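Notes follow once the structure below has been shown.
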Amino acid sequence: MKDIVIEDLAHIRKAAEEFLKEIGDNRIIALYGSMGAGKTTFVTAICDVLGVEDVVNSPTFTIVNEYQTQDGMPVYHFDFYRIKSLREVEDLGFEEYVYTDGLTLMEWPEMIEEVLPPETLKVSISEQEDGTRLIKFIQ
């Protein structure tokens, strides 16, 4: 899989299209990156490309938001930043979300590393010195 560069917000949709082509059949995606790297903004662009009509925002307080694509596929957007224990993840029914036909996009997956499914595709998003964002496939 090749790295993807997001030049600026005007090009984020194109980057999301490339990303969706690159991930192929992978449906469990862990997005690593520092605060402000653009994880939520990129998830919003992915949802836009998939035809999600709902307003996409960070599930920091709700932990998970569920959206529907234009084709009826569910998209589960997790933000584990505020998770204090793996028990919370179990109580959410995390496994029930990830083992469906939907697309699972997770922010702050390092908070639940021990329970990530082995088939999770790990991706980092980082801000570069020139202001671009680099999407890099870790595995």
Count of the range 1-55 residues which are open to solvent by 80 Å² or more (accessible area, probe 1.4 Å), without any contact (Cβ under 8 Å) to a residue 12 or more places away in the chain and closer than 13 Å to L121 by Cβ: 1
Exclusive hit being in contact with a strand residue (DSSP E or B) (Cβ under 9 Å, 6 or more places away or on another chain), hydroxyl-bearing (S, T, Y) and farther than 16 Å from Y32 by Cα, set T100, T60, T104: T100
Inter-residue pairs, beta-carbon under 9 Å, first without any contact (Cβ under 8 Å) to a residue 60 or more places away in the chain and more than 10 Å from A30 (Cα to Cα) and in the range 115-130, second assigned to a helix (DSSP H, G or I) and open to solvent by less than 40 Å² (accessible area, probe 1.4 Å), 6+ apart: V115/V89; V115/F94
Identity of the residue in the range 75-89, free of Cβ contacts under 8 Å to residues at least 12 places away in the same chain and among the charged types (D, E, K, R), that ends up least open to solvent (accessible area, probe 1.4 Å): R87
Residues that are in a strand (DSSP E or B) and under 15 Å from T120 (Cα atoms), drawn from the range 76-105: Y76, H77, F78, L103, T104, L105
Some residue of the range 17-29 being part of a helix (DSSP H, G or I), under 21 Å from Q128 (Cα atoms) and among the basic types (K, R): no
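For the range 39-46, check the following and say yes or no: at least one residue is touching a Lys or Arg at 6+ places or on another chain (Cβ under 8 Å), modelled with pLDDT of 95 or more and within 25 Å of E17 (Cα to Cα).
Yes, some residue in the range 39-46 is touching a Lys or Arg at 6+ places or on another chain (Cβ under 8 Å), modelled with pLDDT of 95 or more and within 25 Å of E17 (Cα to Cα).
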Selected residue (only one of G102, G131, G72 is open to solvent by less than 10 Å² (accessible area, probe 1.4 Å) and among the small types (G, A, S)): G102
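The values are calculated or read from the model by the stated rules, or taken from the named source; none is laboratory data. It should be emphasised that the depicted structure is a prediction, and the values quoted were computed from it without experimental measurement. Quick reminder, even Gly has a Cβ in these numbers, built from the backbone with ideal geometry, and neighbours come from all protein chains shown. Side chains are part of the model used for accessible areas, which takes the heavy atoms of the whole protein and leaves out ligands, DNA and RNA. Shrake-Rupley method; radii C 1.70, N 1.55, O 1.52, S 1.80 Å.
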